[in-house]
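Reading through the structure tokens given below for one structure.
The values are calculated or read from the model by the stated rules, or taken from the named source; none is laboratory data. The structure presented is a predicted model; accordingly, all values stated were derived computationally and were not measured. Here the Cβ is made from the backbone with ideal geometry for all residues, glycine too, and neighbour counts use every protein chain on show. Ligands, DNA and RNA are excluded from the accessible area calculation, which covers all protein heavy atoms including side chains. Shrake-Rupley method; radii C 1.70, N 1.55, O 1.52, S 1.80 Å.
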Amino acid sequence: MGTKLNSFFEHQKSGSILKFILVSLIFGLAYTQDPIYNSVENQNTKFLHGLANAGYAFLNEDWVANTIDPLPAFTWLVQTTYEYIHPEYMFYVYYFCLFGIYVYSMFAIVDYVFNFNKSQLKYLVYFAAFVVIHTVHLKIFEFDTGIDLHYGVALQYILGPVFQPSTFGVLLVCSIYYALDCKYYSAVCLTAIAATFHPAYLVSAGILTFSYQITILVREKNILKAISVGLLSLALILPVYSYMSLTFTPTTPEIWHQAQDFIVRIRVPHHSLPQVWLKQDGYKSYIQALLVIVALWIVRKTNLFLILLIPFVLTVASTIVQLIVDSDTIAFIAPWRMSIFLVPISSSIILGKIVFSAFDKYQVSIAKYQQRITRLSIAIISIIVIAGTVDQILSFGYGKTSNQMIDFVKEQRQSGQTYLVPPDLESMKKFRLRTGVPIFINDKTHPYKDTEVLEWINRLGQAREFYLMGDKPNGMATLRSCQLLDNLAAKYSLTHLVLYKEQRNLKCDKPNGMATLSLKPVFNNKSYQVLQIEKSPS
């Protein structure tokens, strides 16, 4: 069946680059991206080290930006892009390229299973349906077809609102179609690249390599080839594995346990704890598991069966084990992340089964109404692309009050400034990257070295305590807030403070003569106030 993939790509040779660009643009515009530096998504965490290293504004003075980097390859990409290429446009281009790889990889896998037979109509109808299940949000109770048919469990995903390390998961999908074409060495190279850019994919890379080895043994009975594929994979992922294991080695078992426990149970339980994400996902996780089972039945007589079965069995098994033993280590590794490629591949296969079965069953009618079907498919794609493009353009608007405040800070930024911002406020997650100004801490961006995690926890606790006191505007609370701010400003050299809603207009000039600082308002709007922290005699 490997020859099917060759025939599929031979059919695409004429103007293949142009077609790839066109498909990338169509799917990318339909899917849309959040604006660079103006999103509350993971970009604010993943871009930080790279932009700081590249000299973006004054981020190199930020404490988290000077912690140990958990994403060296992605940091290098961001840094290089910012230093030598247009720092914003190219990040969009990267994502469009990954969109194209994702679509072509999925189509190659589906063609392997069903065979397009060089039918442009089949290709077009399937593409229209493929775009629909990735972008049209039909709500069936809690199940969102535009999200849950291509996201994994535990809020994990390959494609998302922004370009980030996880989007390199498209290379895992690409790796699978290379394996189906018996190009196993290329396949493990792709898994290694994905894991290099996002070390969280190390488990997925290892399990997929194991699946390829089992497939080789079952289908080809070639032990030496299976071993050589495994050795190549090991050699390729060894650098990133060594970096992660040596750089983030436990300082002491107690410190490591404290840091890991906080990240798993407080910071990201929605990713790490099955008892949490199974509850928050409701029945969605079970429907996604059912999709994989149905897809496995469809491909049961192909090489794809084992390649998908092994990760699926290990995903389910690890989830059950974690529910029983409740291990921080398993939770931290999160083996169920493999659902990020299992679910979208399964959805694409089931969609292919529906489309191609319809073509087989209604051949006469389809031939009779071929032009109408073609026009309808093009119309569906066009409407979704136009809607996505309009949404993309509107997302670049800066009308929100948080953006007004952020733009002010950006205009007034100087070296030596450090802002205390509400650590848990959603709109403040983009503050650091949007302004280019260091902040004291937020709950979104944390380090990974155990001792640095504990310092992050300490800072986060102090910031939360200050803003919690500010939510209770009375004499004692104001006094306590000023004392806390006094201590923070002295210890961490804070220069500015962002307040919101009831906290605005905090005055610390002379609370019973105990203040060593004064607050000078420099910005106000209906939701936010920025104050400059000035030292004053005790």
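Details
- Index of the failed condition, A334 passing every other in (1) at positive phi; (2) free of Cβ contacts under 8 Å to residues at least 12 places away in the same chain: (2)
- Across the range 403-412, not a single residue is classified as in contact with a Ser or Thr (Cβ under 7 Å, 6 or more places away or on another chain), part of a loop (DSSP other than H, G, I, E, B), open to solvent by 60 Å² or more (accessible area, probe 1.4 Å) and among the basic types (K, R).
- Selection of the range 267-311 for residues being farther than 18 Å from V113 by Cα and of a type in the set (D, E, K, R) yields R267, K279, D281, K284.
- Enumerated helices (runs of 4 or more DSSP H) restricted to the range 416-497, each holding at least 1 residues that are open to solvent by 40 Å² or more (accessible area, probe 1.4 Å) and either under 30 Å from Y243 (Cα atoms) or not aromatic (F, W, Y) (or both): 450-470, 475-492
- Among all positions in the range 217-224, there is no residue which is open to solvent by less than 50 Å² (accessible area, probe 1.4 Å), at pLDDT 95 or above and either farther than 23 Å from L98 by Cβ or in a helix (DSSP H, G or I) (or both).
- Going through (1) in contact with a helix residue (DSSP H, G or I) (Cβ under 6 Å, 6 or more places away or on another chain); (2) without any contact (Cβ under 8 Å) to a residue 60 or more places away in the chain one by one, V240 falls short only on (2).
- The range 112-149, subset touching a His at 6+ places or on another chain (Cβ under 8 Å) and assigned to a loop (DSSP other than H, G, I, E, B), residue nearest to I386 (Cα to Cα): L149
- I393 meets all of the listed conditions (1) in contact (Cβ under 8 Å) with a residue 40 or more places away in the chain; (2) open to solvent by 30 Å² or more (accessible area, probe 1.4 Å); (3) part of a helix (DSSP H, G or I) but one, namely (1).
- When residues of the range 228-274 are limited to those that are of a type in the set (A, V, I, L, M), closer than 15 Å to P70 by Cβ and part of a helix (DSSP H, G or I), the one most open to solvent (accessible area, probe 1.4 Å): L246
- Odd one out for S175 among (1) farther than 22 Å from N303 by Cα; (2) free of Cβ contacts under 8 Å to residues at least 60 places away in the same chain: (1)
- Some residue of the range 275-291 being acidic (D, E) and buried (at least 20 other Cβ atoms within 10 Å of the Cβ): yes
- When residues in the range 218-267 are screened for being among the aromatic types (F, W, Y) and farther than 30 Å from D424 by Cβ, 2 of them pass.
- Among the residues of the range 71-80, at least one is buried (at least 21 other Cβ atoms within 10 Å of the Cβ), assigned to a loop (DSSP other than H, G, I, E, B) and touching a residue at least 40 places away in the same chain (Cβ under 8 Å).
- Consider the range 181-209 and keep the residues that are in a helix (DSSP H, G or I), touching a residue at least 12 places away in the same chain (Cβ under 8 Å) and more than 25 Å from S318 (Cβ to Cβ). The one that is farthest from the chain's Cα centre (by Cα) is Y185.
- Residue in the range 373-382 that is farther than 19 Å from S119 by Cα, of a type in the set (S, T, Y), at pLDDT 95 or above and open to solvent by 20 Å² or more (accessible area, probe 1.4 Å) present: yes
Here is a yes/no grid of residues against (1) out of contact with any Leu (no Cβ under 7 Å at 6 or more places or on another chain); (2) among the small types (G, A, S); (3) modelled with pLDDT under 95:
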{"position": "Y37", "(1), (2), (3)": "no, no, yes"}
{"position": "N53", "(1), (2), (3)": "yes, no, no"}
{"position": "N60", "(1), (2), (3)": "yes, no, no"}
{"position": "T67", "(1), (2), (3)": "yes, no, no"}
{"position": "F74", "(1), (2), (3)": "yes, no, no"}
{"position": "L77", "(1), (2), (3)": "yes, no, no"}
{"position": "I85", "(1), (2), (3)": "yes, no, yes"}
{"position": "M90", "(1), (2), (3)": "yes, no, yes"}
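- Checklist (1) within 22 Å of the chain's Cα centre (by Cα); (2) at pLDDT below 95 applied to N403, failing item: (1)
- Residues of the range 39-70 that turn out to be out of contact with any helix residue (DSSP H, G or I) (no Cβ under 7 Å at 6 or more places or on another chain), outside any loop (DSSP other than H, G, I, E, B) and surrounded by fewer than 18 Cβ atoms within 10 Å (Cβ to Cβ), as a count: 2
- Restricting the range 138-165 to residues that are under 11 Å from the mean Cα position of the chain (by Cα) and open to solvent by 10 Å² or more (accessible area, probe 1.4 Å) leaves a set whose member that is farthest from L231 (Cα to Cα) is P161.
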